[in-house]
Every structure is written in structure tokens, then in C-alpha cells.
Amino acid sequence: PGLSETACNLSPTRSRTTVAPVNERRRYARRTARIVVGIETETRKDRAGLTTDVSPAGLLIRSPSKFEAGEKLKLRFRDPCERHRSIEVFGTVVRAQTEPNQFLMRHVVAVRFNGHVDALEHLPLAS
């Protein structure tokens, strides 16, 4: 069955589309969403993060764990529209930075998925 905007509730944080500048290279609109993500690398298991924005092609994560650009990740999270379903996707860190003024979630990581994640294409737009 198809997903509708009313079927997908991301409370307590509402989903919001970020409009990219004209010279932006992204193919998909990013939507603000807070989703808990399990993160694994080849050598580290049981890491976690919280998304700040998502798209079908990738996401931005804040994490207490540090990751490096080029690092391969395996990500697991609940489908925001069908909570009984879990999504597992592989991706690559395309940007990593540390925000020293942050205490816990100081590492910001941009991840590009190895493929398209259809479930993230159907997140609702903010009203």
C-alpha cells in the first residue's frame, strides 16, 4: 500500500523540507527529521546517532562517535512511516566535522547511501 502524508507521523519533531539554493547539486529535497540510527563500521559495532535531515539519497547524523570521510557505514533505523518495519542501508561518509561547543552529539556526519531509500521519499512536508 502507498504511504500518505497522514500515515507518517514524525512527532515530536515535524518533518520540514529544506529548499536548496539554485546551485545545489542534490537531486532530492532534504527533510528535517529526528530518527535514531544504529551505526556500524567494519571495526566498530553498536554506535548510534540522531538524524537532523534525511533524503532518499542520504542523511545528516549527529553522534557521540567520530567518523571519517570515506568510511563505509551500515545504518539501521525504523521506517518513519511504518514503525513496525526496520530499514538497513549501506553508505559512505562524504563529510565529517566536529563541533567542539557541543557536549554529547558533537560529531556531524553526512552520509550518502549506496542506493535510493524509497521509504524516505515519502516523508511528509511541513505545513
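Coordinate-derived values only; no laboratory data. Source: prediction; values computed, not measured.
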Checklist entry - In sequence order, what are the phi-derived ³J(HN,Hα) couplings for the range 93-104 according to the Karplus relation 6.51 cos²θ - 1.76 cosθ + 1.60 with θ = phi - 60°, rounded to whole Hz, with x for glycine and proline? => result 5, 9, 7, 9, 8, 10, 9, x, 7, 8, 8, 8
Item to check | Long-range HN-HN contacts of I87 with modeled amide H, under 5 Å | outcome: F77, R78, D79
Checklist entry - Non-local amide H neighbours of A48 (under 5 Å, H modeled in plane, Pro and chain starts lacking H): which ones? => result I39, S65
Checklist entry - Taking the range 44-87 on its own, what percent of its Cα-Cα pair distances exceed 18 Å? => result 31 percent
